[in-house]
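**Q** Pasting in a structure now, in structure tokens, and then I'll have a few things to ask.
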């Protein structure tokens, strides 16, 4: 990719899939190289993503491994798009991990996410996003960089109204509604925006109330991205303060899917959730004023805030 970025996540996934296909075919790297007239180091460099794979080389590998039909088509398409530039590549200051996330998000069919302390970036207003990003980056970034990050986040939201639109199912901890980000006016407008988003056919929001107590989500927000291609498996994205983590192992992804299903089952219904969010907006309207002066005796307390800034 441009801007000195390393291998994209899609290219790494392709390399991993080629290694798995070779192993399942019972072929060693040495045997594959001998059969194709390549050095064993070429096979290794492709499978470890040190180099990309050209279309004709991919075709030769897939022939050798006996891959055909829809799976071959999916892998060919994955190779074709692995190094394509997206609109996000014009922002050279975006970290590679974030660029990889945006790339996959732009191609996803569905995102199921659990957000604990902050609202997911796809459903944030501009003012809310600005307050979140400023808090996460200061004192490490100038105002112009904060503005660029906000612009990227707002541009990402266009996928909610593209054809076909991205489907988003968000389980939002009630604590995120109590956490006044920016000030009460910003938070009120954010809640009103969420109510509007609830009306979209491709957006589902459920609130996980404090009454449920301990739950499968623990203290870690996560997103599960699903893609339209049959052979492009789901992946889990987790962001921490220091780095981002991608989970692609099938059994581990399945565990997160089960956790999300349990969260969905114990959260209040989408209609009830929209009403709760609307009530929060009304309360904020009544309380008007700086967040630091608010009296909030009934709010749940949390010892720390997960950053969630890249989402």
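The values are calculated or read from the model by the stated rules, or taken from the named source; none is laboratory data. In this text the structure is predicted, and so the values were computed from the model without any measurement. Positions of Cβ are backbone-derived with ideal geometry, glycine not excepted, and every protein chain shown enters the neighbour counts.
**Q** Restricting to segment 152-168, name every residue that is assigned to a helix (DSSP H, G or I) and without any contact (Cβ under 8 Å) to a residue 12 or more places away in the chain.
**A** Step one: of segment 152-168, the residues assigned to a helix (DSSP H, G or I) are 152-160.
Listed by number, the list holds a single entry, 158.
**Q** Is one or more of the residues making up segment 133-140 assigned to a loop (DSSP other than H, G, I, E, B), assigned by TED's automatic domain parsing to the domain that holds residue 91 and at positive phi?
**A** no
**Q** Also: If a residue must be touching a residue at least 24 places away in the same chain (Cβ under 8 Å), surrounded by fewer than 19 Cβ atoms within 10 Å (Cβ to Cβ) and either more than 16 Å from residue 32 (Cβ to Cβ) or in contact with a strand residue (DSSP E or B) (Cβ under 8 Å, 6 or more places away or on another chain) (or both), how many such residues does segment 43-76 contain?
**A** 5
**Q** Among the residues in segment 170-180, are any in the same structural domain as residue 114 (by TED's automatic domain parsing), outside any loop (DSSP other than H, G, I, E, B) and surrounded by fewer than 17 Cβ atoms within 10 Å (Cβ to Cβ)?
**A** no
**Q** Also, quick follow-up: Answer yes or no: is there a residue in segment 179-187 that is touching a residue at least 24 places away in the same chain (Cβ under 8 Å) and within 30 Å of residue 253 (Cα to Cα). Break it down stepwise before answering.
**A** Pass one, segment 179-187, residues touching a residue at least 24 places away in the same chain (Cβ under 8 Å): 179-187.
Retained after the next criterion (residues that are within 30 Å of residue 253 (Cα to Cα)): 179.
Within segment 179-187, one or more residues are touching a residue at least 24 places away in the same chain (Cβ under 8 Å) and within 30 Å of residue 253 (Cα to Cα).
**Q** Only helices (runs of 4 or more DSSP H) wholly contained in segment 1-53 count here; list those with 2 or more residues that are assigned by TED's automatic domain parsing to the domain that holds residue 77, modelled with pLDDT of 90 or more and closer than 18 Å to residue 249 by Cβ.
**A** Qualifying helices (runs of 4 or more DSSP H): 9-24.
**Q** Tell me whether segment 233-248 contains one or more residues that are touching a helix residue (DSSP H, G or I) at 6+ places or on another chain (Cβ under 6 Å), surrounded by 16 or more Cβ atoms within 10 Å (Cβ to Cβ), part of a loop (DSSP other than H, G, I, E, B) and at pLDDT below 90.
**A** Yes, that holds for at least one residue.
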